[in-house]
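Asks: Structure below; questions to follow.
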Amino acid sequence: MQMDARFNSESEAYTQFIRTGFPPPSDISIEGIRQRAEKLHEKINEKLIGKFKGQETEKIIKINGDIKIPVTIYTPVNVNKDKMVVFFHGGGWTVNSRKTHQTIVNMLADATKSIWISVEYRLSPENKFPIWLDDGCEVTQQILANKTSYGGDENTKVGVAGDSAGGLISAAICQTIKNLDFQILVCGQYEFYHDAPSRKEFDKPIYVIITSMLDWFSSNAFSNESDKLNPRVALLRKNTINTTIPPCLFIVPELDPLRDDSYKYQEILEKAGVKTRLVLIKGAIHPFFSIPGIFVKSCQEAINAVQDFMTNL
């Protein structure tokens, strides 16, 4: 398979690993794919697992009366309680978990010396839209209202962060909830059709995430086509923007079919007066963020950007 000359060495290494270093799934059920995703992340990140020396606390957040949403609170050594981040993992609203993203969240907590709370929102297709978004909104609301219960204090600034599907959840939460202080959106998807140039340019297997895969994820996440146009999630089609949206950091891999979503959403936010910053990770492909075991430099560039953004809030 011919590589793109723009690939950085880490993208080349990852695509090689996927082809030859990790067996294809024998179980193509949803549960089988989820288990494979956890094994993939564990294998790639194995040398980084266990490096976090801070405190890891499990907590259950009850929403809508009897729904239990597990979260993990990561409190680094020498934590500064001035900021807290509520994190939503990627995975097409269908796969991945707190476990797949634990390594990168641990690294971000250590780098920023802030509390990060990783949320196990309910996945599709068992729980289609708006369930996974409502989970995110309800959990974030509870954390905002009870900062001290999660390790902060009354003056702690609270923001949201997420990659890919989690990027949409984070962005949509900021369109819904007031009093958030910042948002960090990594390779998010803010549109469910394929008109953008990047959707066409990177629709090849070498880029790992292709449009047919995006369609499979969205078919799991939504009950029908009209849901994909719901203004809560079709953020590139919104006619009005909430004036309380907080400052936004975009982190965008260069060779990603979703790249132009971030460009367009940044433009929309800036026109609405929202302060934004966009960091392009050159030569990186969509899956980079949760696998720092291979994407060492790319993830460090992203971590540095988050650290700088949060320091200057």
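Every number in this text was worked out from the coordinates using simple rules, so none of it is lab data. As the structure is a computational prediction, the values presented were derived from the model and not from experiment. Please note: Cβ atoms are built from the backbone with ideal geometry, for glycine as well, and neighbour counts cover all protein chains shown.
Asks: Tell me, please, whether a residue that is closer than 14 Å to Cys187 by Cβ, touching a Gly at 6+ places or on another chain (Cβ under 9 Å) and crowded, with 18+ Cβ neighbours inside 10 Å can be found in segment 235-244.
Replies: Within segment 235-244, not a single residue is closer than 14 Å to Cys187 by Cβ, touching a Gly at 6+ places or on another chain (Cβ under 9 Å) and crowded, with 18+ Cβ neighbours inside 10 Å.
Asks: Which residue out of Gly54, Gly65 is among the small types (Gly, Ala, Ser) and surrounded by fewer than 16 Cβ atoms within 10 Å (Cβ to Cβ)?
Replies: Sole residue among the options that is among the small types (Gly, Ala, Ser) and surrounded by fewer than 16 Cβ atoms within 10 Å (Cβ to Cβ): Gly65.
Asks: Considering only residues that are touching a residue at least 60 places away in the same chain (Cβ under 8 Å), touching a Pro at 6+ places or on another chain (Cβ under 9 Å) and outside any helix (DSSP H, G or I), which ones fall in segment 94-139?
Replies: If the condition is that a residue be touching a residue at least 60 places away in the same chain (Cβ under 8 Å), touching a Pro at 6+ places or on another chain (Cβ under 9 Å) and outside any helix (DSSP H, G or I), then Thr94, Ser114 are the ones that fit.
Asks: To continue, here is another question. Pick out, from segment 199-313, the helices (runs of 4 or more DSSP H) lying fully within it that include 2 or more residues that are within 22 Å of Lys113 (Cα to Cα) and out of contact with any helix residue (DSSP H, G or I) (no Cβ under 7 Å at 6 or more places or on another chain). Steps first, please.
Replies: Values: elements: 211-221, 225-228, 259-271, 296-311.
Correct list: 296-311.
Asks: Mind listing whichever residues of segment 77-90 are surrounded by fewer than 21 Cβ atoms within 10 Å (Cβ to Cβ) and not polar (S, T, N, Q)?
Replies: Of everything in segment 77-90, those that are surrounded by fewer than 21 Cβ atoms within 10 Å (Cβ to Cβ) and not polar (S, T, N, Q) turn out to be Val77, Val79, Lys81, Asp82.
Asks: Do we find a residue being farther than 17 Å from Ile303 by Cβ, β-branched (Val, Ile, Thr) and crowded, with 21+ Cβ neighbours inside 10 Å anywhere in segment 122-136?
Replies: Checked against the condition, which is being farther than 17 Å from Ile303 by Cβ, β-branched (Val, Ile, Thr) and crowded, with 21+ Cβ neighbours inside 10 Å, segment 122-136 yields no hits at all.
Asks: How about segment 144-158: which of its residues are in contact with a Leu (Cβ under 7 Å, 6 or more places away or on another chain) and over 15 Å from Tyr74 (Cα atoms)?
Replies: Within segment 144-158, Lys157 is the sole residue that qualifies.
Asks: Looking at segment 118-141, can you tell me whether even one residue there is within 17 Å of the chain's Cα centre (by Cα) and more than 25 Å from Gln189 (Cβ to Cβ)?
Replies: No, segment 118-141 contains no residue that is within 17 Å of the chain's Cα centre (by Cα) and more than 25 Å from Gln189 (Cβ to Cβ).
Asks: A follow-up question, please. Answer with yes or no whether Asn155 is at negative phi, of a type outside the set (Val, Ile, Thr) and without any contact (Cβ under 8 Å) to a residue 12 or more places away in the chain. Steps first, answer last, please.
Replies: On the way: at negative phi: yes; of a type outside the set (Val, Ile, Thr): yes; without any contact (Cβ under 8 Å) to a residue 12 or more places away in the chain: no.
No, not satisfied.
Asks: A further question follows. Filter segment 46-81 down to residues that are at positive phi and not polar (S, T, N, Q), then give me how many there are.
Replies: Selection size over segment 46-81: 2.
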